[in-house]
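Heads up, the thing below is written out as structure tokens.
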Amino acid sequence: RSQWQAGLMNDFAHRRASSAAAMASRFTGMAIPGLGYGRVPEVRRARPRQHVLIRNHAAASAPRVKVALTAMLLCAQAVSADARADFYADRPYKYLSYLETLAYFETLKSRCPDIVETWVAQDEFPEILPTSAKDWARCSGQVCKTLLVRLTNRGNLTSTTPEVFFSGALHGNERLGPLVVTELAGFFCDGYRAGDEDVLRLLNSRSIWIAPMTNAHGFATNQREENSMDPNRDFPYLQAPERCMQTQTGRAVNELFRRHLFHFVLTFHGGMRALTYEWGSRNHMLGRKSTESPDDHAFTNFGKLIQAASGSDARHHKFYPLGRINDLVYPVDGGMEDWSYAAGWEASPMPITVCKPRTYGGYASSRTMYKSGSIASLVYLAEMDDDKTPRSSTLGHTRELVLPSESDGHVARNIRMCLKMIELTRPEIVVTAASLPARLPVAGGVSIEARGFGCMTFSARLLFVPRVALQASASCLLEPLSWGGTDIGRARLLAAAHEVAAVSNAPCGGLSAWEHPEVGGKSFRGVAPNVDGEFCVVFAAEFDQDWGQQLRPDPNLKPRSHAVRSRVEEHYTASASDGPMMIDEYKTKLFPVLAAPIIISKSETAVPSSTATSGVDAGPSVATSPSATLPPGADTGEIIVAEEEAESGVATHKPLARPATAGTAVAAAPTSGGGGIGLPLPSSLTVEEPSGFAGGLSAIFVAVSAVLAACNCVSIHRRCISSRHRSRLPPPVPRTLEPEESSAMEQGDHRTTPGPAE
């Protein structure tokens, strides 16, 4: 494992170093030495803490700006490599106390301010705690705080961003869940800083909500209940009006669900081992067995998927037995699970209770009256272990996330389960490679490699949509309702499209954290339409259509959950009881491949496929639906490989990583394809050439200042290059690592908690 991990890290460093040198050389026209990174036994580097001094060996011909930008590019690549090493560093998981958990998330906010937000429910939702009852409970010597956390790229957040929710502990003495969701947040922060492709994809197009210590008072005092009240009997489902919404735990969750539309929910418990789903209430039983919910087929199939993500035990059995709550656990009145699945569509006041509690100064009964269709999550209850607080030795290590085995600890198993749930919150098409010239002859060859992501199965068609059929926009990236204007117009537009290639009922790929990224990849190959004109290249895809299947649903209704209906209904809409969040999804989802239209002309000369595709591999990038927004680092314009255009006369397009929605602010972040910090390179530079002795001194001063200022910001001694004042820049003299240095590099950084803001 350690050899595989070290090789992975060093392969990454080698690719980034080569990319940095090539980019700097291409931009400046100067020969930049390679950084000399290979696998662990062959590592060569300059002496530790030897700073770079790139001298101006030809001041009259080396513009100052180019030298400074070269230094910045190299330093940016080093920052990315250091963050990546932190991301793969191995350390044991450890329990955190109430105060340590609060401090952990404060540190995460300072390290990853673009993606981590926190709130205290009592401050954010004043209706749950009247002024007279502010000191409602004491946690470690201070007023208890119910912490709420959101992880997402805020620059991409819209009112239709799909959402998922994780509850750490409704019962305060069940300690494993809070640690899992806390480490999940740390995983996302580290992955975001490292530019990890999977992490960026999830953060850019999904919103992840966490209540680390849902029952804050119980967690701080290591007690099951909150002030002698059981939070998981406190929800408005088959409960007496005066006996629901009594707790701060229940009210905080209720207010969150009033404002958000969660596709999936995972709530952690302890005391046995089981992964369970609906039903979990007495009114949905036939004898001593649970009846089937309207979404039973989806519950079962998706449950098997996250069950597989958790792995197997030492006896080669599935780690979690899977089944309905009534069958594997027991039915309860007032459970969060039944309420979060059915509160938006079952009848009120029975079984959906209108609550009238008197605790903590009371709570308005209107807060348990919900907009129709608003609360309808696919919810799972994970009973994590027979022990409510498993031994520390069973928690495991961070390396187990990417190296799963039957001996894994609890934390990595359950984080993988969370990641799979986050992944399937939004199905999409991922374009892994494409070669599309700007102009095509009629019946010219087309080839695109793509896979489904965030799904179990997918069917997709590669379409050329006539540009004239769209509304007057110069871009092929449009809002969903703009594709035809109405449901009827959208259907007509799709009917007018030319199908180039298709696949049916293919398996989707998953996260490359533990699955090969090419799983589910398909080749879409065909010929362009035999018609002149401009065309938008798009995928029209449908996902998980079997989720709509039913046998004996109770009650006898079609599927009710957001996750299923947004996949199988022709056009599904829903809105939250309060606030702007909404769902607006079509069964056939559209995923533009390029922002600019392709021109097809009979006057064009066919280009051999070997020329058209030569050297073009866009890497794994996402062609997202028009409802998504542009993640950091993506370019909304036409992407052209200049060398291909010069050699073959054909402008070769790389598929866009993600499209932009008009009016959406884009925050800076690492790009998923190249890593590091995206530095915009100007198309042209006008620089005053240095003249004479003063110009030479000025150029040297600027170069040295820029390099020292950038390199002193990071621990860059392993990445810097050494050069001497010669007529050219020779590579540094290689030095073999000492054994203790190589061992240190293999072991990585063993920090237990995130460090301070850097």
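Worth pointing out:
- Matching option when the condition is in contact (Cβ under 8 Å) with a residue 24 or more places away in the chain and among the small types (Gly, Ala, Ser), among 271, 287: 271
- Members of region 106-116 that are among the charged types (D, E, K, R) and exposed (fewer than 15 other Cβ atoms within 10 Å of the Cβ): 106
- Test: residue 177 is of a type in the set (Gly, Ala, Ser), over 20 Å from residue 381 (Cα atoms), in contact with a Gly (Cβ under 6 Å, 6 or more places away or on another chain) and open to solvent by less than 10 Å² (accessible area, probe 1.4 Å): no
- Top-ranked residue of region 99-119 - restricted to ones that are among the acidic types (Asp, Glu) and under 24 Å from the mean Cα position of the chain (by Cα), ranked as nearest to residue 154 (Cα to Cα): 114
- From the options 185, 220, residue that is outside any loop (DSSP other than H, G, I, E, B), open to solvent by 10 Å² or more (accessible area, probe 1.4 Å) and closer than 23 Å to residue 107 by Cβ: 220
- Residue check for residue 205: open to solvent by 10 Å² or more (accessible area, probe 1.4 Å), within 28 Å of residue 574 (Cα to Cα), in contact with a helix residue (DSSP H, G or I) (Cβ under 9 Å, 6 or more places away or on another chain) and among the small types (Gly, Ala, Ser): yes
- For region 347-366, the set of residues classified as out of contact with any Cys (no Cβ under 8 Å at 6 or more places or on another chain) and surrounded by fewer than 20 Cβ atoms within 10 Å (Cβ to Cβ) consists of 347, 348, 349, 350, 354, 356, 358, 359, 361, 362, 364, 366, listed by residue number.
- Criterion: closer than 25 Å to residue 224 by Cα and open to solvent by less than 40 Å² (accessible area, probe 1.4 Å) - qualifying residue of 383, 400: 383
- Qualifying residue in region 341-353 (condition: within 12 Å of residue 277 (Cβ to Cβ) and either free of Cβ contacts under 8 Å to residues at least 24 places away in the same chain or within 26 Å of the chain's Cα centre (by Cα) (or both)): yes
- Residues being within 22 Å of residue 424 (Cα to Cα) and either assigned to a helix (DSSP H, G or I) or among the polar types (S, T, N, Q) (or both) - total across region 368-409: 4
- Annotation note: Cβ proximity below 6 Å between a residue of region 449-472 that is farther than 18 Å from residue 527 by Cβ and a residue that is basic (Lys, Arg) (sequence gap 6+ or interchain) occurs for 454/426.
- Strands (runs of 3 or more DSSP E) wholly inside region 457-574 containing at least 2 residues that are of a type in the set (Val, Ile, Thr) and at pLDDT 90 or above: 457-466, 498-507, 533-543
- Residues of region 131-154 that turn out to be open to solvent by less than 80 Å² (accessible area, probe 1.4 Å) and over 28 Å from residue 199 (Cβ atoms), as a count: 9
- Test set (1) over 27 Å from residue 161 (Cβ atoms); (2) touching a residue at least 40 places away in the same chain (Cβ under 8 Å); (3) among the small types (Gly, Ala, Ser) - residue 309 fails condition number: (1)
- Residue list for region 578-600, restricted to those being assigned to a strand (DSSP E or B), open to solvent by 10 Å² or more (accessible area, probe 1.4 Å) and over 24 Å from residue 157 (Cβ atoms): 599
- Any hit, region 120-136, residues being within 19 Å of the chain's Cα centre (by Cα) and among the hydrophobic types (A, V, I, L, M, F, W, C): no
- Filter result for residue 258 (under 31 Å from the mean Cα position of the chain (by Cα) and of a type in the set (Lys, Arg)): yes
- Any hit, region 289-298, residues being over 13 Å from residue 380 (Cα atoms) and hydrophobic (A, V, I, L, M, F, W, C): no
- Residues that are crowded, with 24+ Cβ neighbours inside 10 Å and more than 25 Å from residue 506 (Cα to Cα) within region 416-453 comprise 437, 440, listed in sequence order.
- Restricting region 328-339 to residues that are of a type outside the set (A, V, I, L, M) and surrounded by 17 or more Cβ atoms within 10 Å (Cβ to Cβ), the residue that is nearest to residue 511 (Cα to Cα): 337
The values are calculated or read from the model by the stated rules, or taken from the named source; none is laboratory data. This one's a predicted model, so the numbers in the text were calculated from it and none came from an experiment. Here Cβ is always computed from backbone atoms with ideal geometry, including for glycine, and neighbour counts include all displayed protein chains. Note: areas computed on protein heavy atoms with side chains; ligands, DNA, RNA excluded. Shrake-Rupley method; radii C 1.70, N 1.55, O 1.52, S 1.80 Å.
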